[in-house]
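K.L.:
Please find one structure pasted underneath; my questions will follow.
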Amino acid sequence: MNDIRRTILWTIFGFSMVMLWDNYQVSIGQKPTFGLSAQPPVVATAPAATTPASTAAANASIPSASGNLNNATNSIAVQAVNTPPTAQNGTTLAPAAAKERFEVQTDVIKLTFDTEGGSLVHSEFVKHVDLEDKAAVKAGTAKGVVLLDDSKDRVYVAQTGLVGAANLPTHKTVMTVVPGARKLEAGANELVVKFESPESGGVKLVKTYTLKRGAYDVAVKHEVVNTGTAAVSPQLYLQLVRDGNKLPGESSFYSTFTGPAIYTAAKKYQKVEFTDIEKNKVDVEKQASEGYVAMVQHYFASAWILPDGIKRELFTRKVDTNLYSVGMITGLDSIAPGTTKTVESRFFAGPQVEKSMESITPGLELVKDYGMLTILAKPLYWLLDKLHSYIGNWGWAIIALVLLLKIAFYW
């Protein structure tokens with residue numbers, strides 16, 4: 001009986017170690033232990049036969065304001081997609097301002113911003129090599145792993161804006177970017193990117209991103225300036241929009257979760273399948289005063305985080321064909337004419353490194369999903385990490401963990 005028990009325990013332990021090692025290999029930019037399947041890339045389905053995926057992201061609908069954040073409805077209605085104005089003869093008028101995209105870079109990440117809404121539309125991790133392009137890897141010219149993307153094949157963007165009254169600045173509003181550095185220079189510890197919207201609906205929105213050296217989380221400050229003659233009470237929304245496709249070349253050994261997630265103090269970590277959003281069968285907490293919303297993708301994730309104590313309404317919704325969002329809306333106090341209301345938040349886009357995510361906000365490390373073996377893999381990873389902190393080498397730490405468990409099993 002003891003031999004059977006030991007065999008079962010060693011089998012479970014061995015499988016858990018394989019999963020831990022595979023996760024670690026990818027987290028440091030190495031090839032997965034079991035490689036990737038050779039299936040061809042999946043192209044995001046466009047919302048219409050003639051509409052590319054990037055256009056779908058640009059036209060992502062704006063979440064409607066709820067009447068009362070303390071009595072939030074079970075689902076958030078979706079306003080119609082903003083469409084360009086047309087002249088009497090049916091031709092499309094020129095936009096009021098031309099939008100542009102530009103890249104900024106720190107020592108660990110490259111981010112591409114769009115002046116339409118001051119949105120994040122592309123991210124590339126400098127220290128995590130994309131192993132899909134084998135020719136580039138062999139030549140030593142491989143680029144970093146891409147997470148956020150807004151192209152003809154992929155949709156994955158981060159957006160914010162205001163709702164609650166007509167014509168407020170949203171992620172559809174073309175903003176002005178304040179001139180400044182676009183690369184974190186040697187000796188500098190932070191990089192600031194600032195957007196200002198035109199006055200719209202008696203309000204101006206100023207959005208400031210502060211990137212820090214070595215960090216995958218970005219401080220995002222929203223300043224709502226009342227430029228009108230009457231008090232206003234807008235609501236701020238923060239959302240992640242992604243197509244519902246799995247990554248091309250999913251591991252043939254085991255699958256990982258891809259999709260939205262919500263974390264609150266009451267219900268903790270709640271995963272949401274894209275198919276549940278499609279069928280309107282999502283059962284997650286709808287309001288909270290803490291936590292985050294996230295989009296999980298294999299070994300990486302993104303998240304919007306508001307400070308604890310700020311009431312927010314949480315939502316998941318279908319934006320368009322094969323296009324989904326997860327986000328939150330928070331009400332702002334009444335803003336008198338000539339005054340400003342500021343909301344601090346954080347945006348995370350990076351690898352699923354538990355210790356780093358734990359330091360950003362409670363529960364963020366839970367996006368690292370071990371699936372059915374969480375009850376075993378999580379404590380094993382904790383012990384492995386402790387051993388690594390003493391030994392300083394992952395290989396020797398794994399050998400030490402195996403020896404410790406062998407001693408424990410035979411004790």
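K.L.:
Need the failing condition index for Lys311 against (1) open to solvent by 10 Å² or more (accessible area, probe 1.4 Å); (2) at pLDDT 95 or above; (3) farther than 20 Å from Gln270 by Cα, just the number.
P.N.:
Going through the list (1) open to solvent by 10 Å² or more (accessible area, probe 1.4 Å); (2) at pLDDT 95 or above; (3) farther than 20 Å from Gln270 by Cα, Lys311 breaks only (3).
K.L.:
I need the full set of residues from the stretch 224-238 which are open to solvent by 40 Å² or more (accessible area, probe 1.4 Å) and either among the hydroxyl-bearing types (Ser, Thr, Tyr) or under 30 Å from Val126 (Cβ atoms) (or both), in order please.
P.N.:
Residues satisfying the conditions are Thr227, Thr229, Ser233.
K.L.:
Taking Ala65, is it modelled with pLDDT under 95, in a loop (DSSP other than H, G, I, E, B), over 26 Å from Ile310 (Cα atoms) and open to solvent by less than 60 Å² (accessible area, probe 1.4 Å)?
P.N.:
no
K.L.:
How many of the residues making up the stretch 353-368 are open to solvent by less than 10 Å² (accessible area, probe 1.4 Å) and either within 14 Å of the chain's Cα centre (by Cα) or among the aromatic types (Phe, Trp, Tyr) (or both)?
P.N.:
3
K.L.:
Quick one: what pairs do we get from the stretch 376-400, first residue on the phi < 0 side of the Ramachandran plot, second of a type in the set (Ser, Thr, Tyr) and at pLDDT below 70, C-beta under 7 Å, 6+ apart or different chains?
P.N.:
These pairs meet every condition: Leu376/Ser16; Ala377/Ser16; Ala377/Tyr370; Lys378/Tyr370; Leu380/Ser16; Trp394/Tyr24.
K.L.:
Is there any pair with a first residue in the stretch 151-163 that is farther than 13 Å from Asp243 by Cα and of a type in the set (A, V, I, L, M) and a second that is open to solvent by 10 Å² or more (accessible area, probe 1.4 Å) and part of a strand (DSSP E or B) whose Cβ atoms are under 7 Å apart and which are 6 or more apart or on different chains, and what are they?
P.N.:
Between residues of the stretch 151-163 that are farther than 13 Å from Asp243 by Cα and of a type in the set (A, V, I, L, M) and residues that are open to solvent by 10 Å² or more (accessible area, probe 1.4 Å) and part of a strand (DSSP E or B), the close pairs are Leu162/Gln235; Val163/Gln235.
K.L.:
Continuing with this model, one more query. Name the residue that is least open to solvent (accessible area, probe 1.4 Å), counting only residues in the stretch 164-175 that are of a type outside the set (Val, Ile, Thr) and without any contact (Cβ under 8 Å) to a residue 60 or more places away in the chain.
P.N.:
The qualifying residue least open to solvent (accessible area, probe 1.4 Å) is Pro169.
K.L.:
Restricting to the stretch 176-207, and then to whatever is among the polar types (S, T, N, Q) and more than 22 Å from Ser359 (Cα to Cα), can you tell me which residue is most open to solvent (accessible area, probe 1.4 Å)?
P.N.:
Looking at residues that are among the polar types (S, T, N, Q) and more than 22 Å from Ser359 (Cα to Cα), I get Thr176.
K.L.:
Residue under question is Asp333, and the condition is that it be part of a loop (DSSP other than H, G, I, E, B) and acidic (Asp, Glu); does it hold?
P.N.:
yes
The values are calculated or read from the model by the stated rules, or taken from the named source; none is laboratory data. If you're wondering where the values come from, they're calculated on a predicted model, not measured in any experiment. Because the Cβ atoms are built from the backbone with ideal geometry, glycine has one as well, and the counts that use them run over all protein chains shown. The protein model used for the area step is the full one, side chains on, heavy atoms only, and it has no ligands, DNA or RNA in it. Shrake-Rupley method; radii C 1.70, N 1.55, O 1.52, S 1.80 Å.
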